[in-house]
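J.: Mind looking over this structure? Questions follow.
The values are calculated or read from the model by the stated rules, or taken from the named source; none is laboratory data. Fair warning: this is a prediction, and the values are worked out from it, not measured in the lab. Quick reminder, even Gly has a Cβ in these numbers, built from the backbone with ideal geometry, and neighbours come from all protein chains shown.
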Amino acid sequence: MINNERFWTSRILLNIMISYLNGIIQNKRNNFVIINIGGVGYKVFVNEKLFSELKLGSEFEVYTYQHVREDALDLYGFRNLEELGMFELLLSISGIGPKSALGVLAVAAIQDIRDTIARGDSSLLVKVSGIGKKTAERVVLELRDKVGYLAVSGVAGTTCDISSSRDEIDALIALGYSLQQAREALQKVDSQITDSGERIREALKGI
């Protein structure tokens, strides 16, 4: 009888997916916060960087991922849909659980994570506790073509082909510039310039 009740309870919960919350931070403990919404407290796990920035009593708007297990139902929170999307992509990789995926989001800005994966570089991922070299390489291999288009233009909504962007960034890094410097320089290049060689030359002028 108990098992049957658990089965139906889990079925009901699966049909009530919580995707967004907006409330007051009632409490903070380790790697989660309690959000008070109309007198109901929601426990939401967040990454270390976000956790350190949240203040008790402040309003918190968060997009959530509902992780369902046989013995638990956990909520993971994110600043925006872009972070949520990356989290879901990471979970699709064998060997990456919610805690490791949260750890990835804490080590760098979301754009830097996307750039690193798109370039086939796993060095950023191995900095995360619980992710070894083989797992990091698997993440890069499986997600390299799924991280979407990299924004390399300063014009909102304008993007270039991901392979072209990767080549341009690699070329600047080969000249001794950091990933951040390369990305920022390319963002300043006129979006009307589409030739990679010309884009690189223009980027160099701005560094």
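Each row is one residue, and each column tells you yes or no for (1) without any contact (Cβ under 8 Å) to a residue 40 or more places away in the chain; (2) in a strand (DSSP E or B).
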site: 44; (1), (2): yes, yes
site: 49; (1), (2): no, no
site: 52; (1), (2): yes, no
site: 55; (1), (2): yes, no
site: 63; (1), (2): no, yes
site: 71; (1), (2): yes, no
site: 83; (1), (2): yes, no
site: 88; (1), (2): yes, no
site: 94; (1), (2): no, no
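J.: Turning to a different aspect of this structure: Condition first: assigned to a loop (DSSP other than H, G, I, E, B), surrounded by fewer than 16 Cβ atoms within 10 Å (Cβ to Cβ), modelled with pLDDT under 65 and of a type outside the set (Phe, Trp, Tyr). Now tell me which residues in region 107-165 satisfy that.
T.: Across region 107-165, the qualifying residues are 148, 154, 155, 156, 157, 158, 159, 161.
J.: Can you say whether residue 77 is part of a loop (DSSP other than H, G, I, E, B) and either closer than 23 Å to residue 26 by Cβ or outside the structural domain of residue 133 (by TED's automatic domain parsing) (or both), as far as the supplied structure shows? Break it down into steps so the answer makes sense when it comes.
T.: Working: part of a loop (DSSP other than H, G, I, E, B): no; either closer than 23 Å to residue 26 by Cβ or outside the structural domain of residue 133 (by TED's automatic domain parsing) (or both): yes.
No.
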